[in-house]
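Report on the structure given below.
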Amino acid sequence: MSHETALALRARLNAGETTSEEVVRPLLERARSLERLNIFIHLDPERILDQARAIDAQRKAGAPLGPLAGVPVAIKDVLCVEGEPTTCGSRMLRTFRSPYDATVIARLKAAGAVRFGKTNMDEYAMGSSTENSAYGPTLNPWDESRVPGGSSGGSAAAVAAGVAPLALGSDTGGSIRQPAAFCGVVGLKPTYGRVSRYGLIAYASSLDQVGPFAHDLADTALLLGVIAGRDPHDSTSVDERVPDYLGTLDLPPESLRIGVVREFFGDGLDAEVAGAVQEAIKVYEQAGATIREVSLPHSKYGIPAYYIVAPAECSSNLARYDGTTYGHRAEDFSPRHPGEEDLAPMVRMMMASRAEGFGAEVKRRIMLGTFALSAGYADQYYNKALQVRRKIRGDFDAAFREVDVLLGPISPTPAFKLGERTADPLAMYLSDIYTITANLAGIPGISIPCGLTREKLPIGLQLLAAPFAEEKLLRTARVFERATDWHLRRPGLV
Ligand code: GLN
């Protein structure tokens, strides 16, 4: 069954009604028949079948099994998997094979999951549509003329298309939540520090987090529970107890005070998206929630602050791709421009490797970040952006003294057409206007399906909570999921 949840699958596996191999085969078949969607950068059927058979053998031998034993999980190609290709959507890493596992991958392995392919993404996770991938865009399973969102577009599409019940993505400014909304699945960005970033290829290290995609909240809770927790390899991961997210999911929230974010309903918000979110507010009212309007006055500075902080960090993180240690190395580095004859061949090699290996958006961000950090400008741009960031966090801290959860849309519009925003970086950046502040503040956020437009495009509802309140976030989201059936809608793929 293509859209079966991970928990349903697990129940059938545990009951001995099926094997992981029997689960995985039709999914590989489905992935092949949907190749036109370009969901995967890398999919090795033999390797996947080997993993499934290994788990089946362990089960047969009566070995103790992990919570995801035999369950397929698609992996965004930003995560390192030992011995397997990890391209990060870039030409730079086209032939790179990671020598080690990211901690989240090690945890998936320990949980018995079958790692089901590496999914397509915007190059180095920079983008909102997956069109910045060096391997071509992913198509939205609901409407193949539209983008799936980004940067984790392949992971969101994998779940929406019923190719894998679970997927991992990463969210630096919205890259889990926005594609989840565009593809009609659940996507959760954990608190900064909740999940290890070890082996997650760095884009903006103070913002990046790994998180789950799933059909529903129970599966989301299951996968979050597997990947969350302190990791000695990542000093920014926090030693906070990991609650039993799945076990507590159906407990009613202790209190249900919901703040509707005034600034998330401004100009540019699509009427159908606004309407669906208003309906969601009514659902919460009927469930007995107290609803009040809340203001986050510094939200309007979110996009400008993010587009200083993220490129600044990216310009530093991406300095390592210079053709010397790993990644693309230019073969021809003869002088290309006047004056280059005087440069050492080594320097020309680095310049040519970067010129060939990186795409246009990555180069734009490296230049923006280098400029914002340069002597004489750092105070004006980078340090100012950090001050704004603290103000944004202050707005959230104040709001969470009054309410349990904040509510709003994920993105101003539903999935847009392929090519519609590629020529206009600012229009592309604005699709993250409601998601970016959570990353700047480090707080957890979730997208859950809350409607369909007249054209049958999914709409996502955003809920945000205080740091490390993922349990509350999930339980509050579950109140909505229980009262509605949006999470059961599927694209009419053939
Ligand atoms: N769209 C945003 C960007 O381009 C966020 C990307 C992300 O969350 N990785 O930077």
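Quick notes on this one:
- Net dipole in debye of the chain [+1 Lys, Arg Cβ; -1 Asp, Glu Cβ; about Cα centre; nearest 20]: 260 debye
- From least to most packed, judged by other beta carbons within 10 angstrom and beginning with the fewest, Y377, Y321, Y301 follow the order Y377, Y301, Y321.
- Shown is the FRET efficiency for K391 and K363, computed with R0 = 22 Å from the Cβ-Cβ distance and rounded to the nearest 0.05: 0.10.
- Global size of region 262-321: 17.9, 54 Å for Rg and Dmax (C-alpha atoms, Rg to one decimal, Dmax whole).
- Compactness of region 331-375, expressed as Rg and Dmax over alpha-carbon positions, Å: 12.2, 34
- Ascending count of other beta-carbon atoms within 10 Å, so fewest first, for E35, E29, E4, E471: E35, E29, E4, E471
- Across all directions, the average flat footprint of the convex hull enclosing the Cα atoms of the chain is 22.9 nm².
- Region 1-74 versus region 310-337: alpha-carbon centroid distance in Å: 38 Å
- Going from the fewest other Cβ atoms within 10 Å to the most, the residues D379, D404, D267, D322 appear in the order D267, D379, D322, D404.
- Mean Cα-pair separation over length for the chain, i.e. relative contact order, pairs under 8 Å, 6 or more apart, %: 18 percent
- Pairwise Cα distances in region 411-474 exceed 14 Å for 65 percent of all pairs.
- For peptides 410-422, 249-261, 132-144, sequence by mean Cβ density within 10 Å, most packed first: 132-144, 410-422, 249-261
- Overall dimensions of region 20-109, expressed as equivalent-ellipsoid semi-axes from the Cα gyration tensor (√(5λ), whole Å, largest first), are 24, 18, 10.
- Region 155-274: translational diffusion in µm²/s, Stokes-Einstein, Kirkwood Rh over Cα pairs, 10 °C, 1.306 mPa s: 101 µm²/s
- Of the three principal axes defined by the Cα atoms of region 377-441, the extents in descending order read 41, 38, 11 Å.
- Residue-count net charge about C183 - beta-carbon cut-off 13 Å; Lys, Arg +1, Asp, Glu -1: +3
- One chain, two ends: S295 and H233. Fully extended at 0.36 nm per residue, the span grows by 18.5 nm beyond their Cα-Cα distance.
- The count of lysine pairs in the chain that are at least 8 places apart or cross chains, and whose C-alpha atoms lie under 19 Å apart, stands at 9.
- Region 81-212: C-alpha gyration tensor shape, a/c 1.5 cut-off, then a/b vs b/c: rounded
- Applying the Kirkwood pairwise sum to the alpha-carbon positions of region 321-397 produces a hydrodynamic radius of 15.1 angstrom.
- Per residue, the convex hull spanned by the alpha carbons of region 354-406 comes to 97 Å³.
- The orientation-averaged projected area of the convex hull spanned by the Cα atoms of region 188-227 comes to 2.9 nm².
- Gyration tensor (Cα) of region 384-494, equivalent ellipsoid semi-axes in angstrom: 27, 23, 9
Where a number appears in this text, it was derived from the coordinates with a stated rule and is not lab data. Bear in mind the structure is a predicted one, so any value in this text is a computation, not a measurement. Cβ coordinates were reconstructed from backbone atoms using ideal geometry, including for glycine residues, and neighbour counts include every protein chain displayed.
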